[in-house]
Amino acid sequence: MMNMNKGYVYLVGAGPGDPGLITVKGLNCIRQADVLVYDRLAGQRLLAYARPDAELIYVGKSPERHAMRQEEINRLLVDKAKEGKLVTRLKGGDPFVFGRGGEEAELLVENGIPFEVVPGITSAVAVPAYAGIPVTHRGYTSTLAIITGNEDPHKEDSGIAWDKIATGAGTLVFLMGMGNLPGICQKLIEFGRSPATPVALIRWGTRPEQRTVTGTLENIYHKAMAANFKNPAVIVVGEVVQLREKLSWFENRPLFGKRIIVTRSREQASALSAAIEALGGEAWEFPTIQIEPPDDFTVLDNAITDVRSYRWVIFTSVNGVKMFFDRMRVNKKDIRDLSDVRLCAIGPRTREELEKRGLLVDFVPGEYRAEEIVEGLKSKILPGDRVLLPRADIARQLLPRALAELGAVVHEVTAYRTVLGSGDAAAIRQALAAGEVNVVTFTSSSTVKNFVKLIGEEGLPQLMEKVVVASIGPITSQTARELGMSVDIEAGEYTINGLVQAITDYFAGRESA
């Protein structure tokens, strides 16, 4: 049992960059941390899992610049733990594979600080895998060596036994070795490796920026220079590199290399994010809206109590369905109270949400918007029919007005409120400014309006200049244009699947043009 008063340190491997590759235990350590000490390669998206009150300290190092020297990092872990803090040291890859985690652990022991090591997926294995290269394969080699690329191959007291390494293992993986690439190739050839041995260079492996260059020991340096290839990169030497042409999977997916902002509420974002990532894109969730219950349930509860008096109940969102049935349960009602009520759903997802509750929907419009609901119900609603509309507090007034013109007695009630989301606007603005975002998606007018509120109007046209804007439908597109954005993609079917398909078609068209 850890003594929390004394402090505790987790040395956690974050994996090679794809946030989905962190372990479950590692993710729990991030969530629990009082202090999160993280590296350049630890994956920015993982920081979103930290507690809002956690102290985040960047200690990243690159060949060009160190935010903090290793000795200072070691001391920082000790000092924070002595304050009684739970410290998570988040390191790219695995903490003990060229991560200097051993040095950090030694100082913790010397200072009596309890710690735990949470291994991570090392880039030495994961990055080649994402490039379609298995580091071992029965038909090629059963041996693997992982070597630092940071050491100058020409130094006299080298810690690398080049005479044994060169031919002693079938696959050689060098980490962070781009600066020493010509020397590495020269040494391997000098000590017996064939100049024709296949080599792969993989930069920013497992991330949307992943790029791969292949060649041989004889020509890979010239290819790297031509491609302006730099760290962070993994160098793979061996016959297994030949398998890349057959096994490449990550870079072949239709949305590979695309970083896509998802602006839906946190509760709803997962479906869109999952669809994007299944096609090889990277989804950044930036919840611009948040779904909240009404300030007062009285009006909604009264409508539910009297639900048998309505001829139609029209649901215009999944959120409306969920909130409505939550309150039915509170009011001791169930689907039997809807036996004589006809149901309308604005689209297939809303219909599915009703069907989950054992209800069949009487009408779904061909186009999933308010105008089509009115058009479709013209012949179904009689003058005097009572119609209940449980929906958002900021919904458009077109639907209730048009239904009233048909002679319906419309009762519009607030089932939920749409409020400003809590996404990290500073991080998204920074990513937009750095050109790290390819697409911003909008699934409703409120996501557009709140995106602008959170990011700020100042400089927005410049920030969005090279970003593709993808809208779920014409109403959302209209709002985006009114707020000064150009809409590049509009879904033909106004659903999440329709939006993802439109994005996929857009980039497929650009690549084939």
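From the list I121, I160, I165, the one residue that fits, being under 22 Å from R211 (Cα atoms) and not small (G, A, S), is I121. Is it the case that K61 is closer than 23 Å to G179 by Cβ, touching an Asp or Glu at 6+ places or on another chain (Cβ under 6 Å) and either modelled with pLDDT of 95 or more or not small (G, A, S) (or both)? Answer is no for this residue.
Cβ-Cβ under 6 Å, sequence separation 6+ or interchain: first residue in the range 458-476 and more than 11 Å from S486 (Cβ to Cβ) and exposed (fewer than 15 other Cβ atoms within 10 Å of the Cβ), partner among the aromatic types (F, W, Y) and at pLDDT 95 or above. Which pairs? Qualifying pairs under 6 Å: none.
Being outside any helix (DSSP H, G or I), aliphatic (A, V, I, L, M) and within 32 Å of the chain's Cα centre (by Cα) is a condition met by at least one residue of the range 215-227.
For the range 406-426, does any single residue satisfy the condition of being within 20 Å of the chain's Cα centre (by Cα) and within 20 Å of P474 (Cβ to Cβ)? Within the range 406-426, none of the residues are within 20 Å of the chain's Cα centre (by Cα) and within 20 Å of P474 (Cβ to Cβ). Scanning the range 433-453 for residues that are more than 19 Å from the chain's Cα centre (by Cα), buried (at least 21 other Cβ atoms within 10 Å of the Cβ) and of a type in the set (A, V, I, L, M) gives a single hit, V448.
Within the range 32-46, how many residues turn out to be within 17 Å of the chain's Cα centre (by Cα) and either free of Cβ contacts under 8 Å to residues at least 24 places away in the same chain or farther than 19 Å from A431 by Cβ (or both)? Adding up the residues that qualify gives 0.
The values are calculated or read from the model by the stated rules, or taken from the named source; none is laboratory data. Source: prediction; values computed, not measured. With ideal geometry, Cβ positions are generated from the backbone for all residues, glycine too; neighbour counts draw on all protein chains shown.
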